[in-house]
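Asks: Okay, handing you the structure first.
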Amino acid sequence: GAGSERFRCVSTYTPVMLLSAGEAKNLGPSSGPNRLRDLCTFCTISLDQEEVYRTKVYEKSVSPFYGEDFYFEIPRPFQCLSFYVYAKSMFQIRDLPVGKVAIRKEDLYKYCGKENWFQLQPVDPHSEVQGKVHLEMKLNELITENGSICQQLVVQIIACQGLPLISGQNCDPYATVTLVGPARWVYKHFEKKTSDPQFEETFHFEVTRSSSYKGRSHFHVEEEDIEKLEIKVELWNNGNLAQDVFLGETRVSVKILRNDHIHRAWYLLQPKGNGTKSKPDDLGSLRLKVTYTEDNVLPSACYTALRNLMLKSPDVKPISASAAHVLGDICRESVGYEALLPVVRLLLHHNRLLPFLTSVAALELENTQEANTIFRGNSLATRCIDDMMKIVGRSYLTVTLKPVLNEIFESNKTCEIDPVKLKEGDNVEVNKENLQGYVQKVFTSITQSSSSCPPLMCDVFRSLRQLASKHFPADPHVQYSAVSSFIFLRFFAVAVLSPHTFQLRSHHPDPEISRTLTLISKTIQSLGSWGSLSKNKLVRQLLVIRCFLDEISSNVSKESSGVEDSFVLKEGEVHKRAQGRKRIGKKNFKKRWLRVTNQELSYHKQKGKEALCVIPVKNILSVEKLEESAFNRKNMFQVIQSEKPLYVQAGNCVETNSWIEVLSQVSRCNPGRLSTFHPSAYVGGSWLCCKEPNESTPGCKPCTATVLANIQLDIDCDRETERIFSFFSSNRSRLQKMEDACAGMSVYLGQQEECSAFTIQDPKETFRTIKELGEVLDDLQAHHDSKGALTDEPGTM
């Protein structure tokens, strides 16, 4: 409950990205022999220069259809979202870059939520930049020994942030500072192994000469021409024995000091020559759909009033007058019921979701006339229950469906039974047998999974059964239809059809497997139609399904029978540090294949090889991020156990979060989980984080998850309340219309035409809620306005 609330003292931004890489067309140069007809292609997605996702490799085609969706939270600041298309060839050692699409962060809103075709641009190493540099400039007057006056330009490079990784490791950056004018002075300064160097280095340039000076000058600039000068700062990675790598540059005109004696600002690094290019060849185009949202989250205290108003929703009578229901009502036309997801998450965190779902389900049943249409439409109640199942049922889906889905993907048997779609050489009887075998395995997995069904889902299903029986007392089957319409139609059937959207598979299936999943999903949907099963007299299936529905909606919890099968939750390539047997250094990090199942964590030399080390899941005490300064490496996390911690570097920032989430979830019920941890490493006889010399000293920082077996731990209430505020704010005109409709109903004592767009059962109670909402929203907007000036924006884009 409220005891686990997180407090903030400054605003934070938590961006979320939903990407759809649709298809490409006409890949490769428009002329010559280099069209990619004989090459396979794939697409990658990068935040700045850090790759976070890649599609499967698609067969030889100049117009491949990728059709893959990626949803992820962005765990760090970024400047640019890029999509690269690569070609694979058996004759190439490295993948061949075909072209890229780069969208700057500030331009994402132009394309948000819409499909667009983007022309591919050439991939130029000198244009691949990221990060920013903090500069201070001032123009001083100096008095020389003979009393004459000259101008001196002082440039300080304070720091850089967000420089890219080089070959997966922090770079060795150095900066060059050049005064561009009639001549050039160049200075260099080096830093070691960091993507956020602190230079704090000052450079002096005498930009005019005194009238008495007779010798040759590096700069022959009259005072009135000083504004024509320009400071250029370049960042490079010191390649030691290899070639230095360009990291970016920025140029600042000295005329910026015309009105300021001191100018201090952050500047985004730009491509060499500011990215000016000649017109490129036609490299093809890429169809993309990008949805980007960014939440400006204020300190927790700012959300108290709105959060309490939303948490009061389950107790409001009638439920249609509650703040949560009002939000769904006013947002229905603009975003459908998307606005309800943060409401569901907020109520879930505070253990207030069950009474709310019961109330909105009861309201829907009041308007349901036929038992065979129960909970079949897209309504506020069905959307809330859908969202609940997706949140709390993720592990349930993994346990139930992932093993059989893996078999379907790996065996890849043909299951087409439509004569029109059969390929030459296909045998429809063999295909039918394959399909029946898969369907039976999925059916058995589902109907034997009741012991894994999350308690909250069971509670909701039990409530739906009771409501349905009460509303249709003459129909003995409606209590089962109420549950089956959710568990089969809206949960299992959808997950079978699109396993990648539920993290059951990493990629879209190919067309043939997709067709197999469609046929299986249709069968699962039929299980949700109790009436069709009864008509077809499928007595055996009816009995099995009825028993399953009884078990997941009863008061008695069913114990699991037998030993739980092992199944893979996540696996992939990482870099692992040796556990203290050698001195700290690059040689101690080795490439390994990391694999986590519901029973153990293991790492292997390569995929499919024997495990080098196995850690039972029950031995994991905590999983936390590791500070970059520990080993001068980004994207690291630690698996804390009774022995030495296991230090792991993931491939990118999104993968880091994914590993931590999976490992935290699978070990969340372990006894003896830690409440504190060390965010850095024990090196040289002390902890780098707190300087404590004793290696067994308890952690110096609270763990991110300290309450056992609590799925609400992953929910940030401040962020969810901010999203609720955003939905209310963008629909204030609809809120005003609803308020006017309530006032009209109260005056004219009846349903007016303008009221038909809203659900208003009690106009006075609804009016009271809306007025209270208006005051709370105005107050929260004032907090946003007062905090707006605190953001640290770069000096130039």
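The values are calculated or read from the model by the stated rules, or taken from the named source; none is laboratory data. Just so we're clear, the structure is a prediction, and the values are computed from it rather than from any experiment. Here Cβ is always computed from backbone atoms with ideal geometry, including for glycine, and neighbour counts include all displayed protein chains. Only protein heavy atoms, including side chains, enter the accessible area calculation; ligands, DNA and RNA are left aside. Shrake-Rupley method; radii C 1.70, N 1.55, O 1.52, S 1.80 Å.
Asks: Ignoring ligands, DNA and RNA, what percent of the 1.4 Å accessible area of segment 385-553 is carbon and sulfur?
Replies: Numbers: 3960 of 7600 Å².
The C+S portion of the solvent-accessible surface of segment 385-553 is 52 percent.
Asks: With every protein chain in place, what's the accessible area of Ile158 (1.4 Å probe, Å², nearest 10)?
Replies: Solvent-accessible area, nearest 10 Å²: 10 Å².
Asks: Kindly state, to the nearest 0.05, the FRET efficiency for Glu136 paired with Ser729, given R0 = 51 Å and r defined as their beta-carbon distance. Intermediate values should be presented prior to the final figure.
Replies: Details: r = 38 Å, r/R0 = 0.74.
My answer for the efficiency is 0.85.
Asks: Describe numerically, in nm with one decimal, the distance between label points set 7 Å from Cα along Cα→Cβ at Asn116 and at Asp779.
Replies: 4.0
Asks: Probe 1.4 Å, all protein chains in place: accessible area of Lys289 in Å², nearest 10?
Replies: 80
Asks: Here is a further query. When we measure straight from the Cα of Lys441, which aspartates and glutamates land under 18 angstrom away, once same-chain ones fewer than 8 places off are left out?
Replies: Glu407, Glu410, Glu416, Glu433, Glu564, Asp565
Asks: Taking R0 as 51 Å, what FRET efficiency do you get between Lys423 and Asp107 from their Cβ-Cβ distance, rounded to the nearest 0.05? Spell out each step's value before the answer.
Replies: Values: r = 45 Å, r/R0 = 0.88.
Result of the calculation: an efficiency of 0.70.
Asks: Still on this structure, please answer the following. Rounded to the nearest 10 Å², what accessible area does Glu51 have for a 1.4 Å probe in the complete protein model?
Replies: Looks like 70 Å² after rounding.
Asks: I would also like to ask the following. Might you tell me the accessible area per residue for segment 262-360, computed with a 1.4 Å probe and given in Å²?
Replies: Numbers: 3580 Å² over 99 residues.
Accessible surface, normalised per residue, equals 36 Å².
Asks: Which order do Glu692, Glu68 take by accessible area at a 1.4 Å probe, largest first?
Replies: On the way: Glu692 80, Glu68 0 Å².
The ordering from most to least exposed comes out as Glu692, Glu68.
Asks: A further question follows. Just list whichever of Lys60/Lys110; Lys105/Lys272; Lys114/Lys423; Lys110/Lys228; Lys289/Lys591 have alpha carbons separated by over 24 Å in the model shown. Walk me through the intermediate numbers first.
Replies: On the way: Lys60/Lys110 33 Å; Lys105/Lys272 20 Å; Lys114/Lys423 36 Å; Lys110/Lys228 35 Å; Lys289/Lys591 34 Å.
Pairs exceeding the cut-off: Lys60/Lys110; Lys114/Lys423; Lys110/Lys228; Lys289/Lys591.
Asks: Next question. Two decimals is fine: what's Rg over Rh for segment 44-88, C-alpha atoms, Kirkwood radius as Rh? Please report the intermediate quantities before stating the final value.
Replies: Details: Rg = 12.1 Å, Rh = 12.1 Å.
Result for segment 44-88 is an Rg/Rh of 1.01.
Asks: Moving to a separate point now. Please compute the per residue accessible area over segment 636-705 with all protein chains in place, 1.4 Å probe, rounded to a whole number of Å².
Replies: 43
Asks: Could you give the length gained on full extension between Phe70 and Ser148, defined as 0.36 nm per residue of separation minus the Cα-Cα distance, in nm?
Replies: Working: separation 78, 0.36 × 78 = 28.08 nm, distance 6.53 nm.
Going from the current span to full extension adds 21.5 nm.
Asks: Just to confirm my numbers, what's the Cα centroid distance between segment 277-339 and segment 651-665 in Å?
Replies: One Cα centre to the other: 25 Å.
Asks: Sticking with this one: In Å², and per residue, what accessible area does segment 385-553 have when probed at 1.4 Å with the other protein chains present? Kindly include the intermediate steps, with their values, before the conclusion.
Replies: Working: 7600 Å² over 169 residues.
Result: 45 Å² of accessible area for each residue.
Asks: Could you estimate the translational diffusion coefficient of segment 385-553 from the Stokes-Einstein equation, with Rh from the Kirkwood formula over C-alpha pairs, at 10 °C and 1.306 mPa s, in whole µm²/s? Mind dumping the intermediate values first?
Replies: Numbers: Rh = 16.8 Å.
Answer, rounded: 95 µm²/s.
Asks: If you rank Arg490, Arg307, Arg94 by how much accessible surface each has, with a 1.4 Å probe, what is the order from largest down?
Replies: Numbers: Arg490 50, Arg307 20, Arg94 195 Å².
Most to least solvent-accessible, the answer reads Arg94, Arg490, Arg307.
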